[in-house]
1. What are the ³J(HN,Hα) couplings of the range 61-69, residue after residue, when phi is run through the Karplus curve with 6.51, -1.76, 1.60 and θ = phi - 60°? Round to Hz, x for glycine and proline.
2. Please state the charge dipole magnitude for the range 12-70, taken about the Cα centre, from unit charges on C-beta atoms (+1 on K and R, -1 on D and E), reported in debye and rounded to the nearest 20.
3. Which of the GluC sites (Glu not before Pro) across the range 14-70 are loop residues per DSSP, with 16 or fewer other Cβ within 10 Å?
4. What is the range 13-70 by shape, rounded, prolate or oblate, if you read a ≥ b ≥ c off the alpha carbon gyration tensor as root eigenvalues and call it rounded for a/c under 1.5, prolate for a/b larger than b/c, and oblate otherwise?
5. Taking +1 at the Cβ of each Lys and Arg and -1 at the Cβ of each Asp and Glu, which of 46, 24, 62 sits farthest along the dipole of the range 20-70 towards its positive end, judged by Cα position relative to the Cα centre?
Amino acid sequence: MSSKSSRKIDWKEAEVNLTKKEIAESIKKLHGWRLKDTTIEKTFKFNNFEQAVNFINKVAYIASIENHHP
């Protein structure tokens, strides 16, 4: 029997301070993302206006639920 216990930690409650080097190394694992100055960014391209608006609406919905307004 294992004495290992686990506790679920909500990522929103965690505070993590990474160095620029740690961020640069970690971001290499994320397809299409890049570190630019003090931000991370990714360019999204769509075939038409409707696809772009649908994407933005999905992002806006998630941002609203998470109370995070980029």
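1. 5, 5, 4, 5, 4, 7, 6, 10, 10
2. Details: 10 positive and 8 negative charges, 61 e Å.
Computed about the Cα centre, the dipole is about 300 debye.
3. Details: sites: 15, 22, 25, 41, 50, 66; in loops: 15, 66.
Passing both the DSSP loop test and the Cβ count: 15, 66.
4. Numbers: a/c = 3.13, a/b = 1.48, b/c = 2.12.
Because a/c hits 1.5 or more and a/b fails to exceed b/c, the range 13-70 counts as oblate.
5. Farthest towards the positive pole: 24.
Any read-out appearing in this document is the output of simple, stated calculations on the displayed coordinates, not a laboratory observation. Nothing here was measured: the structure is a model prediction, and the numbers come from that model. No Cβ is skipped: glycine too gets one built from the backbone with ideal geometry, and neighbour counts run over all protein chains shown.
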